[in-house]
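Q: A single structure is presented below for examination.
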Amino acid sequence: MKKRWLAALLAVQTFAMPCFAGELPEGWFRAGSSPSSYKMELVQNEGVPAPSVVIASKEDLEIEGFGTVMQNFYPKSYLGKRVKLTAWVKAEDVADWAGVWMRVDGENRKVLAFDNMFGRHIKGTSDWTEYTIVLDVDKAASNLAYGVLLSGEGTVYIDKFNFTLVDDSVPVTGKKRVLEDGPKNTSF
């Protein structure tokens, strides 16, 4: 019963919060290596669920780097558990790549687990598709960050993020950081 209540509480996160044109819903922010190269805002366009968030490359700029719409939070309810993040994305003319991403951070911003779909990225034009990230959240995690990124020219629409707890039968999609027992390759 407790797991059902937690899953319902943490379930679908859509962009239903009212905001002004050009803004992002409360809790969301722009980031990336070049966020100023992208328009990132809540939109209500024909052909997309209203409202949705868009990341679109700015036509008057040469695009370098990536932009992301993201959130982060303390993962208290997920510590020591396997978490599945799903999000719906629609792509238009994505020239380089786009992806849903999730990162688990530990003390001093040390990355404990990460997946940004780089090896199975979104490219070109596609209708609304649900994408999945699965990561283990270490008991020592202090932050969970997630969002969608766009690298290069194109447009992605984003909606309906959902977090669920899954068991070990669901494989992780990303990498867990493994520290070596000692230094390697100290002489070149």
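Q: So, by mean Cβ neighbours within 10 angstrom, what's the order for 63-76, 133-146, 94-107 with the highest one leading? The partial results should precede the final answer.
A: Working: 63-76: 17.6, 133-146: 19.3, 94-107: 21.2.
My ranking of the peptides, most packed first, is 94-107, 133-146, 63-76.
Q: Measure up 81/175; 76/110; 39/84; 39/123; 39/110 against 24 Å on the Cα-Cα distance and list the ones that go over. Don't skip to the answer; put the middle values down first.
A: Numbers: 81/175 15 Å; 76/110 17 Å; 39/84 28 Å; 39/123 18 Å; 39/110 30 Å.
Violating the 24 Å limit, Cα to Cα: 39/84; 39/110.
Q: Rank these for me by crowding, 78, 38, going from fewest to most other beta carbons within 10 Å. The partial results should precede the final answer.
A: Details: 78 22, 38 28.
Ranked by crowding around the Cβ, least crowded first: 78, 38.
Q: Also: What nm value, rounded to one decimal, do you get for the distance between residue 92 and residue 33 when each label is placed 7 Å out toward the C-beta?
A: 2.6 nm
Q: Given 0.36 nm per residue, what is the gain on full extension from residue 120 to residue 72 after removing their alpha carbon distance, in nm? Could the numbers behind the result be given before it?
A: On the way: separation 48, 0.36 × 48 = 17.28 nm, distance 2.31 nm.
Stretched fully, the residue 120-residue 72 segment lengthens by 15.0 nm.
Q: Work out the length of the dipole vector of the stretch 93-165 about its Cα centre, built from +1 on the beta-carbon of each Lys and Arg and -1 on the beta-carbon of each Asp and Glu, and round it to the nearest 20 debye. Walk me through the numbers on the way to the answer.
A: Details: 7 positive and 11 negative charges, 48 e Å.
That gives a dipole near 220 debye.
Any read-out appearing in this document is the output of simple, stated calculations on the displayed coordinates, not a laboratory observation. If you're wondering where the values come from, they're calculated on a predicted model, not measured in any experiment. Reconstructed Cβ throughout: ideal geometry from the backbone, glycine too, with neighbour counts over all protein chains shown.
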